[in-house]
Amino acid sequence: MSTHSHDVVVVGGGPAGSSAARRAAQLGLSVLLLEKKTMPRRKPCGGALSEQALSYLGLDVPRHLINSEGYGARLHFAGRTLSCRKSERIAVLVTRARFDHYLLEEARAAGCDVRFAEARAIEQDADGVTVTTPTESYRASFAIVAVGATGTLISSVRRRDGSGERAFSMEAEIPVAVRNHAAESDGLIDIRFGVARYGYGWVFDHRSYHSVGVGGMQSRFDSPRETMRGFLESLGYPPDPPGIRGHFIPAGGIKRRTASGRVLLAGDSGGFVDSFYGEGLAYAIRSGQLAAEVTHRYSNERHIGAHVQRAYSQRCREEFERDLGYSLLFTRLMHFCPSLFLRLLVCDKRFLAKFLDIPLRHTTYRRFLLWMLPRLPLLFGKLVSQQLKKR
């Protein structure tokens, strides 16, 4: 088993890892990225890339990678449907296999050495880290771990999440030949509440296929496969399409350790996900970049103590982690009395329009909550009035 030297070893070639590797290489560091399997390959994900995520990239995503564009949302709950279209695009839909491969190649083009091998262990000492694969060991000053929500290497920094701290989702890519009423998106992202507790179902129109999925908090999401089958059937899709995949998503806003010594966690490994609607790509990209910038800052320091951990935590908190805490608060408010809050959500277009300002970065969860709370009595009155008229 041979040993090689780098400034940074990045473990994981998804958006967090590739963004970290690209940024570190741009800063002049010697970077090795280890990805356990060759790419491109299928990733279970709806593929919604928000304008917030696009703003972090520092790249113009090639047109051929964009399947469709979203300018608003269509929400469904308890027999009601509410649509809201914004004048600005809120997201683009991409196929994760192609998008992730693109980011990996951009990291390689920036000067990163990419190797397909599974990192099995990370050991660190005062001077650096050693990352071990089945055939090699690599020595570096720092390691950035971006292996998703459940990778074993997360334990080098923090404990793994419990069932009450993460969601579980299932997703299928259904060919466009199965197109039906649910797929007529008209540029709107289709979200269906009431499908899974503490979660929702979705239908994203990628033109050549539809991403259809369900997700909810693991501790409250009983029988996900049966729920997925029922959701597909309710929309007129085959109940068992090939290629259904499931994966875990951390609930953002929960306090977690994201660095220890010379090892930093990025993306889902760090728990950086919007708790309400599951946006993770934006925070994967930005946390990877921040991890790279912090390692560059301390790359010439021999004795780092807890400085790296403090610096990385502070950068993440300042840029997005505080707002992830408010997204968790909003999620808990919604699910404290889900029937009431979701009915309010689909009865007033102003409520939805204001919420869609969040992925556009025109507002934050904190400002949205401050706007929403004083209006709840009025919204409740409107809901009661609508129900009385029906009688």
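The values are calculated or read from the model by the stated rules, or taken from the named source; none is laboratory data. Everything numeric in this text was worked out from a predicted model, so none of it was measured. Positions of Cβ are backbone-derived with ideal geometry, glycine not excepted, and every protein chain shown enters the neighbour counts. Just so you know, the surface numbers come from the protein's heavy atoms only, side chains and all, with ligands and any DNA or RNA stripped out. Shrake-Rupley method; radii C 1.70, N 1.55, O 1.52, S 1.80 Å.
How many percent of Cα pairs in the range 25-105 exceed 23 Å? Percent of Cα pairs beyond 23 Å in the range 25-105: 39. Here the range 1-148 is treated with +1 on each Lys and Arg Cβ and -1 on each Asp and Glu Cβ, and its dipole about the Cα centre works out to around 900 debye. Computed from the C-beta positions of residue 376 and residue 152 and an R0 of 41 Å, the FRET efficiency is 0.40 to the nearest 0.05.
Of the residues 295, 177, 329, the one whose Cα sits farthest towards the positive end of the charge dipole of the chain is 329 (charges of +1 on Lys and Arg Cβ, -1 on Asp and Glu Cβ, taken about the Cα centre).
Beta bridges from DSSP with both residues in the chain: antiparallel share about 65 percent, rounded to the nearest 5. By accessible area, using a 1.4 Å probe on protein heavy atoms only, the range 1-104 has 47% of its surface on carbon and sulfur. As a size descriptor, the averaged projected area of the C-alpha convex hull of the range 169-326 was calculated at 10.9 nm². Each residue was assigned an accessible area with a 1.4 Å probe, and for residue 208 the value is about 70 Å².
Computed on protein heavy atoms with a 1.4 Å probe, the accessible areas place 371, 202 in the order 371, 202, largest first. Within straight-line reach of residue 349, meaning a Cα separation under 18 Å, sit the following aspartates and glutamates at least 8 residues removed in sequence or on another chain: 88, 186, 190, 357. When the residues 272, 248, 193 are ordered by accessible surface, computed with a 1.4 Å probe over the protein chains alone, the sequence from largest down reads 248, 193, 272. Between residue 61 and residue 207, full extension at 0.36 nm per residue minus the direct alpha carbon distance yields a gain of 50.8 nm. Heavy-atom accessible area for residue 43, with the other protein chains in place and a 1.4 Å probe, reaches approximately 40 Å². Counting only Cβ charges, +1 for Lys and Arg and -1 for Asp and Glu, the dipole size of the range 261-350 around its Cα centre is about 140 debye. Given +1 at the Cβ of Lys and Arg, -1 at the Cβ of Asp and Glu and no other charges, the dipole of the range 130-278 around its Cα centre is 840 debye to the nearest 20. Sorting the Cα pairs of the range 224-296 by distance into bins of 10 Å, from 0 upward, gives 18, 34, 25, 16, 8, 0 percent per bin.
Using R0 = 30 Å, the C-beta based FRET efficiency linking residue 361 and residue 137 works out to 0.10. Ordering 265, 24, 280 by Cα displacement along the dipole of the chain toward the positive end leaves 280 in first place; charges were set at the Cβ atoms of Lys, Arg (+1) and Asp, Glu (-1). Measuring only protein heavy atoms, the 1.4 Å probe finds residue 192 accessible over about 40 Å². Between residue 118 and residue 297, the contour length at 0.36 nm per residue exceeds the Cα-Cα span by 61.7 nm. Computed from the C-beta positions of residue 105 and residue 126 and an R0 of 35 Å, the FRET efficiency is 0.50 to the nearest 0.05. Taking the range 115-158 and a reference point 7 angstrom along Cα→Cβ of residue 307, the backbone N atoms nearer than 15 Å belong to 126-128, 142.
Extension gain for the segment residue 318 to residue 159, taken as residue separation times 0.36 nm less the Cα-Cα distance, is 54.9 nm to one decimal.
Per the Debye formula with a single identical scatterer at each Cα and no solvent contribution, what log10 I(q)/I(0) holds for the chain at q = 0.08, 0.12 Å⁻¹? Each listed q corresponds, in turn, to -0.42, -0.92.
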